[in-house]
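Working notes, beginning with the structure itself.
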Amino acid sequence: MSTTTQTDIKTFRAETRAWLEENCPQSMRSPYRSAEDIFWGGSKPEFSSEDQKLWFERMRDKGWTAPAWPKKYGGGGLNKAEYKVFKEEMARINARPPLFSFGLMMLGPALLYFGSEEQKMKYIPEICRGEIWWCQGYSEPGSGSDLASLQTRAEDMGDHFLINGQKIWTSYADQADKIFCLVRTNPKAPKHTGISFVLIDMNQEGVTTRPIKLISGKSPFCETFFDNAKTPKENLVGTLNDGWTIAKYLLTHERSGIGLMPATQSLQDMAIEEIGLENGVLADPILRPQITRWMINEAALKLTTERTMDEAKAGQSPGAKSAFFKYYGTELNKEQSEMRVVIKGFEGVEWGEDYNDGKLARGMCRTKGNSIEGGTSEVMLNIISKRILGLPSR
Amino acid sequence: MALVINEEQQMLKTSAKELLKNRAPVSALRLLRDSKDSKGYDPQLWQEMAEMGWTALNIPEAYGGLDFGYVGLGQIMEEMGRTLTASPLFSTVWMGATVINLAGNVLQKESLLPAIAEGTQVVALALEETNRHNPSRISTTAIASGEGYVLSGRKVFVLDGHIADKLVVVARTADGDEGINLFLVDSKVEGLSIERKWMMDSRNSATVTLENVSAELLGEEGEGFAALEKMMDIARIGLSAEMLGTMQEAFERTIAYLKERTQFGVQIGSFQALQHRAALMYSEIELCKSLVIKSLQAIDEDSSDLTKLACMTKAKVGETIELVTNEAIQMHGGIGVTDEEEIGFFMKRARVAQRTLGDYHYHLDRFAKLNGF
Ligand SMILES: Cc1cc2nc3c(=O)[nH]c(=O)nc-3n(C[C@H](O)[C@H](O)[C@H](O)COP(=O)(O)OP(=O)(O)OC[C@H]3O[C@@H](n4cnc5c(N)ncnc54)[C@H](O)[C@@H]3O)c2cc1C
């Protein structure tokens with residue numbers, strides 16, 4: 001790859017800024033505020049507004065749904081310096097990502113690292129163009145935190161695998177076109193060494209899904225059943241029986257995506273508005289230090305992200321630190337949601353008839369899953385103690 | 001600015017670690033304590049520190065200093081926090097030199113800063129008057145008299161008070177915060193009595209009584225409080241750097257103990273009840289590290305966020321050091337509560353540092369006020 005000079009970067013920044021100014025609709029210039037704000041793509045795309053559609057299409061045509069991925073796979077081909085500028089310019093106008101998907105977040109990175117050239121050429125451009133909705137088939141009824149104990153079988157039938165078993169908590173399986181899945185290909189081997197990573201079409205007779213209702217009232221995840229489902233052998237990613245390596249790689253990508261969510265209104269503004277001040281201090285003397293403490297922790301966590309990136313640039317490896325970020329970010333997210341419910345009192349516990357009526361209560365319920373999905377808080381603490389602190393296993 | 005230290009600062013940190021390990025380990029503090037040392041610090045070590053330039057780092061070159069900056073000085077504090085080293089660096093350099101540099105006139109700077117840089121002047125700040133940190137509640141009076149002023153009042157928790165050559169006394173010339181000013185008082189002057197107090201961290205503190213003591217105004221009247229506030233924010237960050245070192249050392253010693261001690265036939269560090277608490281401490285310490293480096297940089301950059309950062313940092317570090325030093329003792333079991341084991345020294349030092357210049361409660365409240373609620 002060619003090196004980028006300072007003038008190149010200056011030009012790139014100016015061009016990017018101008019392009020974003022011209023092409024990013026005003027309503028797309030704020031962080032995601034609710035699930036509807038996210039465009040997931042897929043073969044049956046659903047847009048919540050004209051602006052969302054326009055923004056997605058413009059960014060897709062520029063290859064900027066995946067700005068740093070290679071051009072030949074449909075990405076934007078930006079080098080490190082350009083990508084940094086791109087992110088800064090997006091942040092400058094608060095532009096939200098035009099597309100969010102497990103394809104972009106998880107499968108894409110895994111394919112770029114472990115996939116064959118054919119697999120990359122076939123699947124990554126679709127992900128960039130938001131044409132295929134991928135879901136993640138890891139967890140099973142008997143295998144959650146102990147993921148490597150999974151039982152779903154894939155038998156070698158010559159030209160294809162025959163898949164039987166059940167997945168659970170599969171987010172958006174009922175809307176997904178395809179699933180990336182961990183399956184057992186060698187039942188005799190020790191549990192970590194008999195697992196493979198395969199790609200399976202959801203649109204076939206052998207695959208059925210059943211939505212599970214969450215405490216928030218939504219049903220974004222499902223049980224997924226495989227009953228003699230098939231997938232061609234070329235859909236094996238990486239080496240047979242070495243899927244655990246990919247699974248772990250992918251989990252760190254997933255973890256870095258779950259954490260603090262941006263909010264429309266800051267906690268203290270919400271509290272001042274709802275509860276009011278007496279002699280210049282918040283009228284709820286118990287909530288006041290709770291909010292303050294949360295604000296300090298939030299600021300400190302953001303600084304820690306910044307410091308960790310700076311240390312990485314200076315050559316210090318972050319190691320297993322993603323477990324710390326996953327743990328701390330999700331716990332803070334739960335705290336903040338809970339405080340919002342407290343601040344709003346009766347309105348905070350209003351459920352309403354549809355999801356948008358009871359946003360605070362339902363949102364709070366949803367955050368309870370943050371410290372479970374992608375590995376529970378307890379599992380993150382296990383990783384910190386073993387991999388970072390070097391404490392012994394039993 | 002990247003939240004990492006540069007090569008020069010790293011070299012300074014490494015050399016500080018080296019000197020302190022050899023000359024001032026925790027056992028040196030124990031010795032000062034057990035011998036009831038009259039000075040409460042090792043003057044020879046203080047000279048060595050001065051020779052290494054530590055006392056000159058934050059002093060401008062024009063006044064005999066190195067102008068190296070507070071990030072560097074913070075690295076030394078962190079290392080001294082690890083070894084619990086008793087020295088006048090905090091009172092004299094972080095508070096004294098900072099406030100003289102901020103508030104003093106050229107003549108005052110010329111007469112005091114080079115001496116501090118050389119390690120020949122110990123300066124103490126006489127601020128507090130009540131049991132809890134409250135820089136606005138000052139009743140010590142300063143009355144103009146001839147060329148100077150006459151001060152009367154009583155000061156508590158004067159760090160290094162009994163070994164100081166000069167005191168910077170916070171006193172009132174009029175009502176309100178604007179009426180609070182800073183005065184230089186010679187420690188040998190008539191009417192001044194200094195009584196040493198024994199604190200739980202075995203470090204120096206004194207009660208100072210002033211009865212019509214003659215004093216010199218530091219800088220300009222009416223500007224003292226602003227300088228005091230800024231100096232305190234800087235010093236809070238310095239102290240937080242020391243506390244960061246203390247908590248890291250206590251934490252690392254505890255992790256080492258978890259790997260060493262066996263019960264029920266296994267290392268106690270294999271118990272998940274302890275592992276998770278260790279992982280929690282790790283996480284909180286990570287946040288403290290980020291706040292401390294960011295705040296140290298804010299001093300050198302003269303950032304407008306200095307006050308908020310100082311407030312956040314002293315609060316978070318205070319909260320975390322309490323957690324870590326308590327857990328450190330608990331995870332050592334019975335030996336943790338013996339005087340012979342050093343881990344208790346860390347808790348004792350932490351408690352005094354927590355009180356100094358405002359504790360967790362003080363700074364949480366202040367941070368809320370700064371944010372308009
Ligand atoms: C909103 C949401 C979306 C999800 N989406 C997907 C998806 O798209 N695809 C997918 O495959 N999975 C998905 N999951 C599943 C998720 O990864 C699992 O729920 C998670 O790994 C925990 O497994 P489990 O639910 O079986 O809980 P368990 O593993 O049964 O855990 C129960 C409790 O035991 C604790 N525990 C377990 N093991 C240990 C241990 N070793 N030490 C200490 N404590 C322990 C846990 O921390 C937890 O508190 C999703 C989950 C949620 C909540």
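Below are the figures for this structure:
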| read-out | value |
| --- | --- |
| Count of residues meeting criterion [assigned to a loop (DSSP other than H, G, I, E, B), farther than 17 Å from B:Ala279 by Cβ and away from the ligand (no atom under 16 Å from the Cβ)] in region A:334-392 | 9 |
| Any hit, region A:213-225, residues being acidic (Asp, Glu), over 26 Å from A:Ser116 (Cβ atoms) and out of contact with any Cys (no Cβ under 7 Å at 6 or more places or on another chain) | yes |
| Those residues of region B:129-156 which are farther than 17 Å from B:Glu221 by Cα and crowded, with 24+ Cβ neighbours inside 10 Å, in sequence order | B:Lys155 |
| Wholly enclosed helices (runs of 4 or more DSSP H) of region B:68-164 bearing at least 3 residues free of Cβ contacts under 8 Å to residues at least 24 places away in the same chain | B:106-118 |
| Scan of region B:337-371 for residues that are farther than 14 Å from B:Cys311 by Cβ, without any contact (Cβ under 8 Å) to a residue 24 or more places away in the chain and either surrounded by fewer than 17 Cβ atoms within 10 Å (Cβ to Cβ) or of a type in the set (A, V, I, L, M) (or both), ordered by number | B:Val337, B:Thr338, B:Asp339, B:Glu340, B:Glu341 |
| Within region A:340-394, tally of residues that are within 10 Å of another protein chain (Cβ to nearest Cβ), buried (at least 17 other Cβ atoms within 10 Å of the Cβ) and under 24 Å from A:Gly137 (Cβ atoms) | 4 |
| Residue in region A:280-297 that is within 16 Å of the ligand (Cβ to nearest atom), within 14 Å of chain B (Cβ to nearest Cβ) and either aliphatic (A, V, I, L, M) or in contact with a helix residue (DSSP H, G or I) (Cβ under 7 Å, 6 or more places away or on another chain) (or both) present | no |
| Subset of region B:249-289 [of a type in the set (Gly, Ala, Ser) and in contact (Cβ under 8 Å) with a residue 24 or more places away in the chain] | B:Ala250, B:Ala278 |
| Filter result for the condition that a residue is assigned to a helix (DSSP H, G or I) and either farther than 29 Å from B:Leu125 by Cα or aromatic (Phe, Trp, Tyr) (or both), over B:Met247, B:Met243, B:Met281 | B:Met281 |
| Test result for B:Glu249, more than 8 Å from chain A (Cβ to nearest Cβ), among the acidic types (Asp, Glu) and touching a Gly at 6+ places or on another chain (Cβ under 8 Å) | yes |
| Residue within region B:320-327 that is at pLDDT 95 or above, under 23 Å from A:Lys326 (Cβ atoms), of a type in the set (A, V, I, L, M, F, W, C) and surrounded by fewer than 22 Cβ atoms within 10 Å (Cβ to Cβ) present | yes |
| Out of A:Leu282, A:Leu277, A:Leu250, A:Leu287, sole residue that is among the aliphatic types (A, V, I, L, M) and outside the structural domain of A:Arg362 (by TED's automatic domain parsing) | A:Leu250 |
| Residue satisfying all of: in region B:281-309; touching an Asp or Glu at 6+ places or on another chain (Cβ under 7 Å) and more than 12 Å from chain A (Cβ to nearest Cβ); nearest to A:Asp310 (Cα to Cα) among these | B:Leu306 |
| Conditions (1) without any contact (Cβ under 8 Å) to a residue 60 or more places away in the chain; (2) surrounded by fewer than 16 Cβ atoms within 10 Å (Cβ to Cβ); (3) over 18 Å from A:Phe12 (Cα atoms); number of the one not met by A:Lys84 | (3) |
| Of residues in region B:265-277 being at the interface with chain A (Cβ under 7 Å from one of its Cβ atoms) and within 14 Å of the ligand (Cβ to nearest atom), the one farthest from B:Thr246 (Cα to Cα) | B:Ser270 |
| Output for region A:130-177, where each listed residue is aliphatic (A, V, I, L, M) and within 12 Å of the ligand (Cβ to nearest atom) | A:Leu147, A:Ala148, A:Leu150, A:Ile168, A:Ala173, A:Ala176 |
| Residue selected from region B:276-319 under the condition under 21 Å from B:Arg253 (Cα atoms) and of a type in the set (Asp, Glu), by the criterion surrounded by the fewest Cβ atoms within 10 Å (Cβ to Cβ) | B:Glu284 |
| Tally of residues being touching a strand residue (DSSP E or B) at 6+ places or on another chain (Cβ under 7 Å) and either among the polar types (S, T, N, Q) or within 16 Å of the ligand (Cβ to nearest atom) (or both) across region A:190-213 | 14 |
| Test result for B:Lys13, surrounded by 16 or more Cβ atoms within 10 Å (Cβ to Cβ), under 22 Å from B:Val292 (Cβ atoms) and of a type outside the set (Gly, Ala, Ser) | yes |
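Per-residue answers, yes or no, for (1) more than 16 Å from the ligand (Cβ to nearest atom); (2) assigned by TED's automatic domain parsing to the domain that holds A:Phe12; (3) not in a loop (DSSP other than H, G, I, E, B); (4) not basic (Lys, Arg):
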{"position": "A:Phe47", "(1), (2), (3), (4)": "yes, yes, no, yes"}
{"position": "A:Lys53", "(1), (2), (3), (4)": "yes, yes, yes, no"}
{"position": "A:Met59", "(1), (2), (3), (4)": "yes, yes, yes, yes"}
{"position": "A:Trp64", "(1), (2), (3), (4)": "yes, yes, no, yes"}
{"position": "A:Gly75", "(1), (2), (3), (4)": "yes, yes, no, yes"}
{"position": "A:Lys84", "(1), (2), (3), (4)": "yes, yes, yes, no"}
{"position": "A:Glu118", "(1), (2), (3), (4)": "yes, no, yes, yes"}
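The values are calculated or read from the model by the stated rules, or taken from the named source; none is laboratory data. Bear in mind the structure is a predicted one, so any value in this text is a computation, not a measurement. In this analysis, Cβ positions are derived from the backbone assuming ideal geometry, glycine residues included, and neighbour counts consider all displayed protein chains.
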